[in-house]
Amino acid sequence: MLPRDRAEKILTLGAAGWSVRAIAGQLGHSEPTIRDYLNGHTTPGVRAPRPRLLTDLLASYCRQRFAEDPHLRPSTLFSEVTELGFQGGRSTFYRELTQGRLSPPGYRQSPAQQDPPEDLPGVSRPFARTPGDAPALPRPVTPITGEALISYLTRLAHANHLTVTEVLAVLPSWFSTKASNRDDRAQHHMLVPATAEALQALARLTSTTPASLARALPAFGTTSPHSPVRATTACHRCTARRGIHQLVPVHLPVHEKVCIRHGIWLADAGQPHLDLAACPEIITAQHRANQLLRRHTPQQLTLACQAAATAIPAWPASPAAIPLHWRHRLLTLQTTNHHRGIPADHDTYTHAAIYPDAVTLAAAILNPNRSGPIKQDLLAKSPRPPGQQKP
C-alpha cells in the first residue's frame, strides 16, 4: 500500500489526463499499481484485505483435529494441511488459526513445543541423570499400544504397590520431565539425546524388551511424525482381557474409529464407547476405510469423510428408505447402548451412525471415476477436498 499522499497524487495526475505509463515514469511506481488506483481497485489509505488461504473445508479440518487431539501442536497441524493443499506459509497459517478462532478455548501450546522443559524440584540437568541401578520390579506391566507415558507409569506403580513418585525416583530424570508435560509425544531437542538411555532404563526396570516399549509408547518418538493421531481411550474389552479395569488414555491413528476385534466404537477422549454388535455395517466401514489408506493418506481420508458428512441427507427421502437411512442405525445404537446410561442425544451416537455413509461417500470423493450413478447427486453437493475435481 502506497502512502496516502502518493496515492492521491496518482489520482490527481490521472484526472488531469496523464496516461498510466506517464504517471508510472513520473512517480516511479509500476504500471499495475498505478492502474489499480485509477480503476478503483485500491483505495488510498486503505490496505487491501489479505486473501484467506485457509478455506472453509480446511478450517473445519483444523477444528476437528483439535477436537480429536486437544494437545495437537500447531506445527504438526500445519504439516497436515500443507499436504492437503494449503498454499500459505507457517506464519500465515498461525495468523489464520488465531483470526478464525479455530483452536479450542483456553488452548495454548504445551511447554515442550516452545521452551526447554522445566526441571522438577530436586531434579537437575542433564536429563540423562541416572540413579543407581535398581532391581527389576516383581510385577511387569505390558503397555497398551499408544498409551500415554504417565498412564503406563501409574499402572506400573499400582501393580507393584508403589507410588508414581517412587517409580520416578529410580528412573532417569527424563521421565520426570516427560511426565510433567501435557503432551509427552513432543520431542524437545534437549530430551532427544537421552531418549535411548531412558528407554533402556525402563526396559530393565520392567523386564521388558526396549523394542516392545518403543512400539507401544509414543513418548519415545518411534512413531511416524507424519501419521496424524487422535486422543481416545483404549477399547475396554481389549484392556479387560489383560486384567485392566480402568480407562487407559491412548493416541491412535486418526482413521481408527472402531475396535474391529470387539466391535466397539472408540469415541474421542472423554466420550463413551459404543457397542456395535447390532450394527455390523459400522465395523465393515472401518475395514473399507483401512483399504482406502492403500491409495490415500490419512489426512486425505479424514478430509474426505468430513466433506462427505456435510452432504449426507439428514432425513430419509421416503418412508421406504427409512431402514437404509443412518437415522435407523442411530435408533438401533441408542436402544442397544441404553443400559450403559449414555444420554440418547449424545453426539457419539450420531458420529457412529453416520460413519458408514460417510466412508462410502468419501470413497466416491477420493475416487470419483469409480463412483456409481447413484452417488453422483450426493457427490455433486459435497464440498471438494483440495486437489479433487468434480467428476
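The values are calculated or read from the model by the stated rules, or taken from the named source; none is laboratory data. These numbers come from a predicted model, not from an experiment. Here Cβ is always computed from backbone atoms with ideal geometry, including for glycine, and neighbour counts include all displayed protein chains. When the accessible area is computed, the model is the full protein with side chains, heavy atoms only, and any ligands, DNA or RNA have been set aside. Shrake-Rupley method; radii C 1.70, N 1.55, O 1.52, S 1.80 Å.
Relative contact order for the range 136-247: 33 percent, from Cα pairs under 8 Å spaced at least 6 residues apart, divided by residue count. Could you tell me whether the range 194-239 comes out rounded, prolate or oblate from its Cα gyration tensor? Rule is a ≥ b ≥ c as square roots of the eigenvalues, rounded for a/c under 1.5, then prolate if a/b exceeds b/c, otherwise oblate. It comes out oblate by the Cα gyration axes. Of the trypsin sites (Lys or Arg not before Pro) found in the range 287-333, those in coil by DSSP whose Cβ has at most 11 other Cβ atoms within 10 Å are Arg294, Arg295. Here the gap between Ala15 and Arg101, fully extended at 0.36 nm per residue and compared with their Cα-Cα distance, gives a gain of 26.6 nm. Among Leu247, Leu276, the order of accessible area from largest down is Leu247, Leu276, computed with a 1.4 Å probe on protein heavy atoms. The Stokes-Einstein estimate for the range 243-361, based on a Kirkwood radius over Cα pairs and taken at 20 °C with 1.002 mPa s viscosity, is a diffusion coefficient of 142 µm²/s. The alpha-carbon atoms of the range 166-268 define a convex hull whose volume equals 126 cubic angstrom per residue.
Computed with every protein chain present, the accessible area of Ser60 is close to 40 Å² [probe 1.4 Å].
Note on Ala240 and Ala321: the extension gain reaches 25.2 nm, defined as 0.36 nm multiplied by sequence separation minus the Cα-Cα distance. Label 7 Å along Cα→Cβ of His346; the range 273-309 residues with amide nitrogen under 15 Å? Correct set: 273-277. Restricting the range 1-73 to trypsin sites (Lys or Arg not before Pro) that sit in a DSSP loop and have at most 12 other Cβ atoms within 10 Å of their own Cβ leaves Arg47.
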